[in-house]
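In what follows, a single structure is set out as structure tokens and then discussed.
Bear in mind these aren't lab numbers, they're just calculated from the coordinates by the rules spelled out. Source: prediction; values computed, not measured. Virtual Cβ from ideal backbone geometry, glycine too; neighbours counted across all protein chains shown.
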Amino acid sequence: MPERLDHVSITVDRRGEANAVRLPWRSRDYLLRKLRTTDGAEGIVKAFEDVGATRPVELTAEEKAVLYRVLDDRAFTTGFHELPAGFFELRNALADEAADAAQKELVGRGPPPDDVASLREDIKLISAWIDLATQRDADASAIFVQAAGLVRDERQARLDELEMQ
Amino acid sequence: MDLLDARQARLGRNQVLFRSVNEQVETLSGTRTTASPVSFLCECANLDCGSLIDLSLAEYEAIRQNSTQFFVLSDHVFPEVETVTDDRGTYVIVEKFGEGGRVAATSDARRSPA
């Protein structure tokens, strides 16, 4: 197979910079077969077919979301280690771009609000770590036990506040 | 939020909790020199882990510069929620993506909005 048909590149942003993720031609063909039977993927198929192997595939954010879902479904169906070559890297690159976009959108907003169930789970968990560390080597983990205790106290205070409301 | 998002969010929250403890470890170890190792909690998404990883304060600080980065033992990586960005031998640096990355970024006390 000539070099130019060896792979196709898909443009994905990472921290504001455009990166090309390579997909071997065989994987590209496999992906297109899958996309042709996927609702809402017509634009993605066209984008792949239009550029051939000579230019990178450019997709909209919506198309990337559809493509991510297709790759992710495939990953959960077959397992991550049995994906066609390049699928895992492309899936992760799309996820990273989506996370970057979401984080950008969230600038200025605070963390997700605490809820009683999560705080209780946190407190239980920290107590288990402290028990484990104390049993293991009390001297070596003294700082850790103290630190974990402080975080547990802080979580407990927030839980008390929530329960008072 | 779909099932994958929910899983990523919960795993991300676990790691945020580990990070909170490790931030306290760093504070309490503040009188040590930056080169001497300190035992930090493995920041993997497995709640039953509880393993400790020795890092210098300088190494810890370098990792902490990025809200979505965590350090975990080499065999404690969850590829469905994170990618390995650096292999340090006994441990690796991972970067969270998806919903877990969002939780990690927005829950970073160092970067919380005033």
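What to note about this one:
- Per-pair calculated FRET efficiency, R0 = 51 Å: A:His81 and A:Gln146 via Cβ, rounded to 0.05: 0.80
- Acute angle (nearest 10 degrees) that the helix A:61-78 long axis makes with the longest principal axis of chain A, alpha-carbon atoms: 80
- Listed residue (A:Val21, A:Gln146, A:Met164) projecting farthest to the positive dipole end of chain A, Cβ model: A:Val21
- Per residue of peptide B:14-22, the mean number of Cβ atoms on other chains within 10 Å of the residue Cβ is 5.
- Gyration tensor (alpha-carbon) shape descriptor, the range A:3-106, a/c threshold 1.5: rounded
- Sorted by Cβ neighbour density within 10 Å, fewest at the top, the residues A:Leu35, A:Leu94, B:Leu47: B:Leu47, A:Leu35, A:Leu94
- Degrees between helix A:116-136 axis and first principal axis of chain A (Cα, 0 to 90, nearest 10): 70
- Between helix A:142-164 and chain A: long-axis angle, C-alpha atoms, 0 to 90°, nearest 10: 90
- Extension reserve of the A:Ala18-A:Ala61 stretch, reckoned as 0.36 nm per residue once the Cα distance is removed: 14.1 nm
- Spatially proximal aspartates and glutamates relative to A:Lys34 (Cα-Cα < 12 Å; intrachain offsets below 8 disregarded): A:Glu42, A:Asp73
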